[in-house]
Every structure is written in C-alpha cells, then in structure tokens.
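FYI, it's all coordinate maths here, none of it is from the lab. Here the structure is a predicted model, which means the values were calculated and not measured. Cβ placement follows ideal geometry from the backbone for every residue including glycine, while neighbour counts extend to all protein chains displayed.
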Amino acid sequence: MKRVLLLGGTGFVGRQVCERLARLHWPMTVLTRRAANASAVQHLPNLTVLEGDVHDEATLRRLLPGHDAVINLVAILHGDEAAFQRTHVELPAKLARACLSTGVQRLVHISALGAGPAAANSAPSRYLRSKSRGEAELLAAAGQGLQLSVLRPSVIFGADDRFLNLFAALQRIFPVMPLAGAQARFQPVWVGDVAQAVVHCLQDARTIGQTYELCGPSVYTLKELVQLAGRAAGIRRGHGRPVIGLPLALGRLQARLMELAPGQPLMSRDNLDSMLVDNVASGRVPGIAALGITPTGPAAVAPSYLGPTSDRHITLRERYSRR
C-alpha cells in the first residue's frame with residue numbers, strides 16, 4: 001500500500017484518479033488552495049484534504065515526507081506567458097527539487113500530447129512550449145535520481161469535461177456553429193483511461209523513466225467532434241447543428257473576441273496555435289496499449305453524459321462564465 005500526494009486532485013482528471021486509488025485502498029493526500037474545492041472527493045475513504053499553495057516550495061517540502069509517490073495533475077489552458085511559466089515550468093521544477101530533497105522520488109507527471117523537450121522553443125503555442133519546458137525540468141531531475149513517468153494525453157473527454165460539453169452547450173443556443181480550426185486533428189482520450197494510466201504507472205515499476213502517449217482509438221477533425229457532440233446531445237433530433245469552418249484569420253478574430261468575454265474564454269488564440277500541429281499519436285514513444293489499456297472512444301461514452309436523458313445538463317453560463 002502506497003501513500004500518494006496529489007497536486008490537482010480536485011480537478012477533472014484528479015477526481016477520477018482519486019476514485020481509482022480509493023478502490024485500491026491507498027491512502028491519499030490532496031493539496032488544494034481551498035478545502036471547498038475538494039467537495040467531490042473528500043468523502044472517499046483514506047483521503048485527506050489539506051489546504052495550501054501548490055506553488056510554494058516550502059509547503060511541498062513540508063508535506064512530502066510520509067508519502068511514497070506524487071502525482072502532478074496541475075495545468076492551465078489559458079493565460080499569459082507568466083501564467084504558463086509558473087504553472088507548467090516552475091511548479092514541476094519546484095516539485096522535483098522538493099522530491100529529491102525529501103527522498104520522495106516517485107513522480108507521475110501529466111504533460112500534453114505534442115510536448116517534449118525538443119519542442120521547448122519550436123512548439124507553436126505558449127501552452128505546448130511551457131509543457132515542453134516543464135518536461136525538460138523533470139528529465140533533468142530524473143538524472144539526479146527522480147523516478148519519473150510522463151504521460152502525454154490528447155484532449156481528454158468525459159463527464160464534466162470542458163470539451164464535448166462545450167460543443168453540446170453551444171449547439172443548444174446557436175442555430176449554426178462557426179468553427180475556427182475545423183480541420184485540426186485530434187485523438188481524444190477518455191478521462192477514465194487517463195486515470196487508469198496514472199494508477200498503472202504507480203503500480204508498475206517498469207514505467208519509471210518512460211514517457212507514454214495517451215490517445216483514444218480514433219482520429220477526428222475538430223469539426224467531426226463538434227458534430228459528434230451535437231448528435232450525442234440529441235440536438236436537432238440527433239443531427240446536430242450545421243458546422244461552418246472559418247478561415248484562419250477570421251478564426252483568430254473570433255478567438256480574440258472570446259478572450260475579451262468575462263470568465264474563462266471558450267477559445268483563445270493560443271488554443272488555435274496549439275491546433276496548428278496534429279494532436280494525434282506520434283508513435284515515437286509507447287502508447288496507451290503499453291500500459292495494458294484498451295482505449296474507449298467518445299462515441300461510446302459521450303451519449304451517457306451529453307444525451308437528452310442525462311442529468312448532467314447545466315447551462316453554458318453556469319459552466320463557462322465563472323471567473
């Protein structure tokens with residue numbers, strides 16, 4: 001039995017990881033800025049919620065002793081250069097130093113498909129460049145004894161996601177879907193498979209020193225995913241709304257206007273920049289099958305949480321307009 005410290009354990013992927021660790025009866029500590037954020041997981045057995053700042057290195061050094069492993073799930077999709085640097089580069093570096101100084105050497109880190117040390121300067125978006133620099137920091141620490149496993153998921157879908165849910169919610173409002181990056185290619189991966197991959201890494205020492213690409217069984221264009229979301233949600237009797245691809249310049253203008261809206265943007269220019277490279281498995285590192293997982297595609301799962309009989313419907317304003 002291992003005691004695990006989770007950073008980002010209250011988030012979309014983190015909640016799934018906590019549930020799977022609870023089934024194994026592993027003790028867990030979830031560090032969060034506010035205990036109220038952990039309401040979805042605090043009922044789980046063997047789980048302790050602690051308030052603290054994950055970005056404070058002294059806090060990490062204080063909490064790590066007594067744990068056998070750390071899972072880093074902290075990430076952002078939107079922000080300026082400083083925000084991406086702080087979250088995706090400085091935090092992994094602080095965590096690596098804290099692990100090495102306290103003797104807690106096992107770390108499972110969630111990166112992103114398309115990231116990697118070689119892309120630290122060449123990736124098209126701030127998101128991917130910062131994820132790449134974060135990996136580089138951790139690989140340097142691995143040379144000093146950090147027992148690292150890196151997981152690079154494609155876009156993640158599942159109940160409570162901010163991906164297919166967004167497309168379904170928009171189609172409940174608008175008669176037509178103007179779409180930037182319509183031909184961008186993705187290989188979406190189910191959140192349950194990502195969580196299982198994290199747990200597998202903790203259970204299998206052979207994953208130490210390895211990087212894995214986590215992708216689903218099928219490749220879709222963004223347009224096809226929007227259409228899938230509309231069908232799964234039962235929009236227009238299961239046909240979804242018409243999707244109209246936008247030229248790049250017009251798409252960037254659309255994203256800029258979304259950035260100016262209150263709350264988290266539905267789409268940013270940096271998101272569009274990320275889509276300039278295909279978000280599909282490269283085949284250069286092992287895939288999800290190497291972890292013993294047969295991936296589940298969105299067509300099999302999306303109707304269960306997007307469909308007309310689902311109890312998960314909330315308004316676009318409730319989900320996406322919060323600051």
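With a Förster radius of 51 Å applied to the C-beta separation of R62 and R206, the computed FRET efficiency comes to 0.95. Considering only alpha-carbon pairs that sit under 8 angstrom and 6 or more positions apart, the relative contact order computed for the stretch 4-153 is 21 percent.
Candidate values (i) 19.3, 58; (ii) 23.6, 90; (iii) 27.0, 90 were compared with Rg and Dmax of the Cα atoms in Å computed on the shown model; the agreeing label is (i). Taking amide H positions as modeled 1.01 Å from N, with prolines and chain starts lacking one, the residues under 5 Å from Q264 and 5 or more places away or on another chain are R322. Distant-in-sequence amide contacts of T29, defined by a placed amide H-H separation under 5 Å and a gap of 5 or more residues or a different chain, comprise V4, L5, L6, T48.
Within the chain, antiparallel bridges make up roughly 5 percent of the DSSP beta bridges whose residues both belong there.
Over the chain, calculate the relative contact order: mean separation of alpha carbon pairs under 8 Å at least 6 apart, over the residue count, as a percent. Walk me through the numbers on the way to the answer.
On the way: 650 pairs, mean separation 53.9, N = 323.
After rounding, I find 17 percent.
Here the stretch 82-137 and the stretch 194-236 have alpha carbon centers that stand 20 Å from each other. Using θ = phi - 60° in the Karplus curve 6.51 cos²θ - 1.76 cosθ + 1.60, the 3J(HN,Hα) couplings for the stretch 131-147 round to 4, 5, 5, x, 4, 4, 4, 6, 5, 5, 5, 4, x, 9, x, 5, 8 Hz; x is entered for Gly and Pro.
Does the stretch 243-298 classify as rounded, prolate or oblate by the C-alpha gyration tensor (a ≥ b ≥ c root eigenvalues; a/c under 1.5 gives rounded; else a/b over b/c gives prolate, otherwise oblate)? Judged from the Cα gyration tensor, the stretch 243-298 comes out prolate (a/c at least 1.5, a/b above b/c).
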